[in-house]
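Here's the structure we're looking at; comments come further down.
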Amino acid sequence: MTEHGETGRADRPVVADLTGRVALVAGATRGAGRAMAVELGRAGALVYVTGRTTRERVSEVGRPSETIEQTAELVTAAGGTGIAVAVDHLEPSAVKALTERIDREQGRLDVLVNSLWGGDRLIEFETALWDLDLDNGLRMFRLGIDSHVITGHFALPLLIRRPGGLVVEITDGTADFNRAYRGNLCFDLTKNAPHRIAFGLAAELKEHGGTAVSLTPGFLRSEEMLDHFGVTEESWRDAVAQERHFAIAESPALIGRAVTALAADPDKERFSGRSLSSGQLAKVYDFTDTDGSRPDCFRYFEEVVFGGKAASPEDYR
């Protein structure tokens, strides 16, 4: 890819200096979590990256090719300092030990990104509650809700020591988009919960000068999604023949840039309690995806997919 990207438009990254800032990206093994950690590192942050898949152990997600050690190395290569810590965020004692380590080693925490999930394999779309595998449904709650609450419980006392702290609750779909049923009750509840967590934390953090938001990518070209379509990041457009809406897809870097821009914004508190998307923040902070485009996934789905407007995905990039 040239510096102008495959679209011919110039790549416009986030220009930010987070030197001296300490971030925790919980769930940074792959996808959005990995990209957010890397982009925070690119801005100079020290980033603790956590997850369950290491070079010695593979989590239930079953993707041994992506590890937290790799993510930490990418953070450091980008210009930051990456520190990999194997943590199951459903184990309170493990999360407590993690935050105590951060306190002991750094004495501060400026950014908490809750990107914990790993439950895609459990989703049975278009299946009524009474026909769902109940164990799978309840596991989704544990992976996508309990883990966020446990992590916040132990990490926030460190984050509120200084004003300006940022909490980012990662989810799937904006609050507006998720007003439409997501096709599986347990998945629907799990992906709406981060909006309420961010809303509640915004109220609790206000007196401490902290900001909490929920944030979603659009149609994410994660490693798992690329594998699903049998393409790579370089050849991703070949998958449009299989799924036409993939034409609006965005690289994980876009949400990574969104988090970095938020973290560096001295006026970020204006967003506290709100549901945000990577495409929305790309416009606010004037950055692009790596190919120079600025995909607006949720407007595309609202107007074209659900609204019936005759338009091309390229009109929303």
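Apart from one condition, residue 67 fits all of (1) touching a Gly at 6+ places or on another chain (Cβ under 7 Å); (2) modelled with pLDDT of 95 or more; (3) buried (at least 16 other Cβ atoms within 10 Å of the Cβ); (4) farther than 16 Å from residue 24 by Cβ; the exception is (1).
Sub-7 Å Cβ pairs linking a first residue in segment 193-213 that is within 16 Å of residue 161 (Cβ to Cβ) to a second residue that is among the aromatic types (Phe, Trp, Tyr), at least 6 apart or interchain, are 211/271, ordered by first then second residue.
In contact with a Leu (Cβ under 7 Å, 6 or more places away or on another chain) and of a type outside the set (Ser, Thr, Tyr) - does that describe any residue in segment 219-239? Walk me through it before giving the result.
Step one: filter segment 219-239 for residues in contact with a Leu (Cβ under 7 Å, 6 or more places away or on another chain), giving 232-233, 236.
Then drop every residue that is not of a type outside the set (Ser, Thr, Tyr), which leaves 233, 236.
Yes, segment 219-239 contains at least one residue that is in contact with a Leu (Cβ under 7 Å, 6 or more places away or on another chain) and of a type outside the set (Ser, Thr, Tyr).
Residue-level check: of (1) surrounded by fewer than 20 Cβ atoms within 10 Å (Cβ to Cβ); (2) more than 24 Å from residue 145 (Cα to Cα), residue 46 misses just (1).
For segment 88-95, the criterion of being among the β-branched types (Val, Ile, Thr) and touching a residue at least 40 places away in the same chain (Cβ under 8 Å) is met by at least one residue.
Can you tell which of 188, 172 is of a type outside the set (S, T, N, Q) and more than 24 Å from residue 51 (Cβ to Cβ)?
Values: 172 fails: more than 24 Å from residue 51 (Cβ to Cβ).
The unique qualifying residue is 188.
Residue count for segment 115-170, restricted to those that are in contact (Cβ under 8 Å) with a residue 24 or more places away in the chain, basic (Lys, Arg) and farther than 22 Å from residue 261 by Cβ: 3. Remark: pairs (first residue in segment 214-232, in contact (Cβ under 8 Å) with a residue 24 or more places away in the chain and closer than 20 Å to residue 294 by Cβ; second residue part of a helix (DSSP H, G or I) and of a type outside the set (Gly, Ala, Ser); Cβ separation under 6 Å; 6+ apart in sequence or on different chains) = 217/255; 218/297; 219/248; 219/297; 221/236.
The values are calculated or read from the model by the stated rules, or taken from the named source; none is laboratory data. Source: prediction; values computed, not measured. Ideal geometry is used to build each Cβ from the backbone, glycine not excepted, and the neighbour counts take in all protein chains shown.
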